Structures are given as C-alpha cells and as structure tokens.
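Bear in mind that the values in this text are calculations on the coordinates, not laboratory data. Note that this is a predicted model, so its numbers are computed, not measured. Cβ coordinates were reconstructed from backbone atoms using ideal geometry, including for glycine residues, and neighbour counts include every protein chain displayed.
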Amino acid sequence: MSERKVSFIGALFVAIGPVTLALYTPAMTQIIDALNTTQAMVNLTMTVYFGGFATAQLVAGPISDALGRKPVTFVFMGIFLLATLAALVAPTIEVLIAARFVQGIGASAGIAISRAIVRDLYRGDRSARIMNLIGIILAVGPAFAPTLGGAMLQLFGWRAIFFFMALMGVAVVLVTAFSLKETVVADRSRFNLASLVSSYGQLLTNAHFMATTLTLAGAIGAVYTMMTFLPFILMGQVGLSPTEYGLGMLLQTGCFFLGSLVVRHLIGRYSAYSLVLPGLVFIFLGSIASMALFFVEPTYLRVILPTGIYSAGIAFVMPAMTTAALAPFPRIAGAAASLMGFVQMGTGLVMGTIGGLFANPTNAMATLVPILGLVSCVSYVVYRRHPHIAEPEPRADVIASLPVGRTQMPD
C-alpha cells in the first residue's frame, strides 16, 4: 500500500476513538436532565470510556500480531457497533455507562492497529511523514466533531450523536474489507498468555521505549485529560451553549492542524527528530498559560488559548516520538503500539479522574495540565541524555539497507 493510502486508512482507524469522544462532549450537560442523573454520573460515562479504551488496547495489539490486523479490526469494530446501538437506546444512565465502557473497548483497536500497520511497512522519516499526515487528517475530525455534535444535539437530541457514531463504525468495517491489505503474517503460536507477558515485559524494561512513550503520554494525555473538564468550564462557568462550545473548540484543534501542516513542510528539510524540542517549548508555554487560571477569572480565550498552544506542540512531538518508540520492535509492533496507547490513554484516565475530584474544574486544568507538560519535558530530557537510548533506530545502518517491505533485522 502507498504512503498516502496507509495514511488515510490509519487516520480513519485512529479517528474512531477521539471523534467518538469529541462528538459526545456537547451532550454531557443535556444528558443530566434527559436521564434524570447527576454531573458525577455523566462524568463517569467519560471515565469508563477511557478505561475500556485504554485497557483493551493491551489485548488488541498483541492479538493482531498473532492473528493479523484485518480480522482483529473486524472483531473490535463489531463490538463497537453493538455498544453504540446499546447507547443509542439506553433508558438509564447505568445502561449508558455500561455501553460507553464496551464502546471504548471496541474503539481501542483502531489506534493500536493503525500504528502497527505503519511500523509493518515503513520506518525512519517515511514513518514520521505518515504519522504526521495521520495527525493532519485526524485533526479535521475532532476539530469539527464538537461542532457537529452541538448542532445534532439542538436539532435531533443527544441520541442522534450515537447514530452518527454507528455510521463511523460501519465506514471502518467497509474500509477494512475492501481497502486494507494484511501487513503481517499470522503466527497463532504467539496467541498465548506467556507470549503476551513476555512482550510487555520486554517493553516495560526497555529504557528507550519508556522514555519515548512517557514523552508522548505527557503531551497527548493532557488532551484526553482536558476533555473531562473543558465542557464544564466553557459551558458551566463561561456560559457557552453546546453549539458555541463546539465552534469554540475549533481553535484548539485548529492549532494542532496548523502545527501538523508546518511539521509536514519542515520534515522535507529537517529530520522529524529535530522538531521535537520546538514542540516541547510550545507545550511548556501552554502549561504556563494554564497555570494563569489560578489568578484570573476564566473566559473563553483564557481557557482555550493555552490548550491551543499545547496542542500545536503535540503536532511537533508526535510523529518522531511515535516512530522512535516503535522502531526497535518489528516483531511485536502491535504490542508496542498497544502499550504506548495504553500509557497515553491511561494517563488521561488517571488525571481526568483526579480532575473530577476538584470542586472547581478551572483549578483542575490549572493544576493537571502543567504537571503533564512537565512529565513530557522531563521524559524527553532522559531520552536525550542517554546516548544508548537516544538513537531512534538501533543499528540504523543495517535497517536502512533493508527493502521497504522488510521490517525485521537479520540475526
């Protein structure tokens, strides 16, 4: 498959999770009244989605290493569709919570398998270019999802949002069936608990993998964390309507989109790895701007500008660090992509849960976003200060000599 085709398929697979999140956020305040429940219970629908999404990745990736990328995608998208239909007709908040948890499980395969497919086929700056293009396409979906969700909410009610999610699931199934070519040779002997434990043990004890993964977790985890309290800041405290909230979120995702376009232009002149440090500068500035909310009243710009600056930084960091994290592990690419996604989503889950304990969601943002920015910056310093883990691809001279389709180094 061509770089462009892999990029578009990967973007669709990755988008199912974030778009499902972004579509849902404008409906959170309306669901409180519609199902006669509380803000805490509606927050739980986000928390369990994160939980299902994060933990199920740990299974989806390794299974796809053993059984193939296509069949695992079919199974998990089937789970996603069933859960989405259950959420569509949910009569109570308890049913909705359960459906959202299972929905997260189904959506989890997208991010793990898309990254594994890229690692199966490409490496180095070619991989980074694909990751960047996936980021550009991915920015468009979540950018307009809150706007679309807010409009659907006012026109048709909150259940229509789940109908649209079901259509997205069908689209993924059709693309998998007719456009995706299998990229890994199935090895059913690896479909066992011992192989799974061995793979994750290898990754968790690898300093290179953990340093690059935590750099990404601090960056991307902040976006997942902010999703849990931004609706309550911008609609509950600033006073935006659901439609205004959806339109307002365009600035955040627009900054990520613009950053991704800049990165795509610069990758043609510089290595993707040289762009990480400027991205961390943006993340640092966004963190500092978030801390200012301790001292000023929240307004739309005071809340959204820090998130936009932070998101622009992520666009610089993500392509190279994702490629670097996966590069040394061609034989367990699915497991590596899964664990990387788990750490990112798990970071969002933990910090979002902590944020829910704050009486004031603005204080949660001012506290948690800078902490995650610090995690990202410190992890990158560790990555750069140790030459034995700073190489994006160990034995790069050997790997570079391999044909594009060959991803495993000779013994």
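Values for this structure:
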item: Some residue of segment 306-314 being under 18 Å from the mean Cα position of the chain (by Cα), under 30 Å from ARG188 (Cα atoms) and of a type in the set (A, V, I, L, M); result: no
item: Flag for PHE232 being without any contact (Cβ under 8 Å) to a residue 12 or more places away in the chain and not charged (D, E, K, R); result: no
item: Selection status of ALA11, surrounded by fewer than 24 Cβ atoms within 10 Å (Cβ to Cβ), out of contact with any Leu (no Cβ under 7 Å at 6 or more places or on another chain), within 30 Å of VAL118 (Cβ to Cβ) and not polar (S, T, N, Q); result: no
item: Some residue of segment 316-326 being touching a Ser or Thr at 6+ places or on another chain (Cβ under 6 Å) and closer than 24 Å to THR353 by Cα; result: no
item: One residue from GLY259, GLY218 being crowded, with 19+ Cβ neighbours inside 10 Å, among the small types (Gly, Ala, Ser) and under 25 Å from LYS5 (Cα atoms); result: GLY259
item: Residues satisfying the stated conditions in segment 175-196, i.e. of a type in the set (Gly, Ala, Ser), in a loop (DSSP other than H, G, I, E, B) and closer than 11 Å to ASP65 by Cβ; result: ALA186
item: Members of segment 275-289 found to be more than 21 Å from the chain's Cα centre (by Cα) and in contact (Cβ under 8 Å) with a residue 40 or more places away in the chain, listed by number; result: ILE288
item: Condition met for GLY239 (surrounded by fewer than 22 Cβ atoms within 10 Å (Cβ to Cβ) and at positive phi); result: yes
item: Positions within segment 197-216 being in a helix (DSSP H, G or I) and of a type in the set (Val, Ile, Thr), in sequence order; result: VAL197, THR212, THR213, THR215
